[in-house]
Amino acid sequence: MNIHRWIKAGWPPLVVVILLLFIWQLAVTWGGTADWLLPSPLKIWRDGTTDMTRVWMHMWATVRLMCIGFSVGAIGGVLVASVLHRLPFVKAGFYPLLILSQNIPVIALGPLLIILFGFGLLPKLILISLVCFFPVTMSTLDGFMQTDRSMYNYMQMIGASKRQIFYKLELPHALPFLFTGLKISATYSVMGAVIAEWLGGNVGLGYYMILQKSAFRADREFVAIGIIVILSLLFFWFIAGLEKLIIRWNVKRSS
């Protein structure tokens, strides 16, 4: 049943993508556009396969970076959301600052982090963690606030402690909201890793794209873009699969 549903939901966008690639191929072929300016999909595919060894090396560097940064940001987001929820007076002071922090462009933080921490791994991880931190924090906080008040009052009435209410009611209720934030952060983590590699480094898809831009190799730039899109989708589907595995009572809602 799940396979049939995925096929039914997946074939319309797949047809659209194939149609767009076909139009792109025809437009480049008939228009005589220079390859360095706008390569055709077939040329992008050929160059991607010929340079695949180097592409794979850079891709795994990006995957490693985004997984570590995502993990740190997600764990930090859950912990901060839990503390803010348990301590309302702390939330009153820090919640507006969390909102204001999102007005700072991520790419503007990169040079500052490099000045503070150098060109090593640390500034990249901080950048990715900050990108992933906000969606997880806000989604989890929203989940805590949406707890069923009747169940909350009932648990208080039967003598449950605040700790018991948190772990047995509020946290399970917030899990679907948490996974919503995790899915958003999963896609953001790939973007954050590439931006971090743009700003400094000697390996990764972001660094690979800078090299190809300097060489006017638009075809290999498109190869990197395609891999970034695939990584984002795979990471999103991985988190969605974990959600269905962990939150079995929420399968209908998340599917």
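In table form, for the structure just shown:
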item	result
Lone unmet requirement of (1) of a type in the set (A, V, I, L, M, F, W, C); (2) free of Cβ contacts under 8 Å to residues at least 24 places away in the same chain; (3) surrounded by 15 or more Cβ atoms within 10 Å (Cβ to Cβ) for L84	(2)
Enumerated helices (runs of 4 or more DSSP H) restricted to segment 88-197, each holding at least 2 residues that are touching a helix residue (DSSP H, G or I) at 6+ places or on another chain (Cβ under 6 Å), open to solvent by 20 Å² or more (accessible area, probe 1.4 Å) and closer than 30 Å to V63 by Cβ	106-117, 121-145
Segment 25-40: number of residues that are under 24 Å from A215 (Cβ atoms) and open to solvent by 70 Å² or more (accessible area, probe 1.4 Å)	4
Where G241 falls short, out of the listed (1) touching a helix residue (DSSP H, G or I) at 6+ places or on another chain (Cβ under 8 Å); (2) open to solvent by less than 50 Å² (accessible area, probe 1.4 Å)	(1)
Residue under evaluation Y208, criteria (1) within 30 Å of L100 (Cβ to Cβ); (2) modelled with pLDDT of 90 or more, criterion not met	(1)
Tally of residues being farther than 30 Å from L100 by Cβ and at pLDDT below 85 across segment 133-150	1
Residue satisfying condition, being at pLDDT 85 or above and either more than 30 Å from E170 (Cα to Cα) or in contact with a His (Cβ under 6 Å, 6 or more places away or on another chain) (or both), within set L122, L84	L122
Residue count, segment 198-208 (criterion: assigned to a helix (DSSP H, G or I) and either within 18 Å of L122 (Cα to Cα) or among the β-branched types (V, I, T) (or both))	5
Residue satisfying condition, being within 22 Å of C132 (Cα to Cα), open to solvent by 20 Å² or more (accessible area, probe 1.4 Å) and in a helix (DSSP H, G or I), within set L211, L234	L234
R46 vs. criteria at pLDDT 80 or above, open to solvent by 80 Å² or more (accessible area, probe 1.4 Å), part of a helix (DSSP H, G or I) and of a type outside the set (F, W, Y)	yes
Close pairs from segment 59-77: first in contact (Cβ under 8 Å) with a residue 40 or more places away in the chain, partner outside any helix (DSSP H, G or I) and open to solvent by 20 Å² or more (accessible area, probe 1.4 Å), Cβ under 9 Å, at least 6 apart	A61/G201; A61/V203; T62/V203; L65/G201
I227 vs. criteria open to solvent by 20 Å² or more (accessible area, probe 1.4 Å), out of contact with any Lys or Arg (no Cβ under 9 Å at 6 or more places or on another chain), under 25 Å from G120 (Cβ atoms) and not charged (D, E, K, R)	yes
Residues within segment 147-192 that are in contact with a Cys (Cβ under 6 Å, 6 or more places away or on another chain) and over 30 Å from A108 (Cβ atoms), tallied	0
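The values are calculated or read from the model by the stated rules, or taken from the named source; none is laboratory data. This is a predicted model, so every value here is computed, not measured. Note that we place each Cβ from the backbone using ideal geometry, even for glycine, and neighbour counts take in every protein chain shown. Accessible surface is based on the protein model in full, side chains and every heavy atom, while ligands, DNA and RNA are left aside. Shrake-Rupley method; radii C 1.70, N 1.55, O 1.52, S 1.80 Å.
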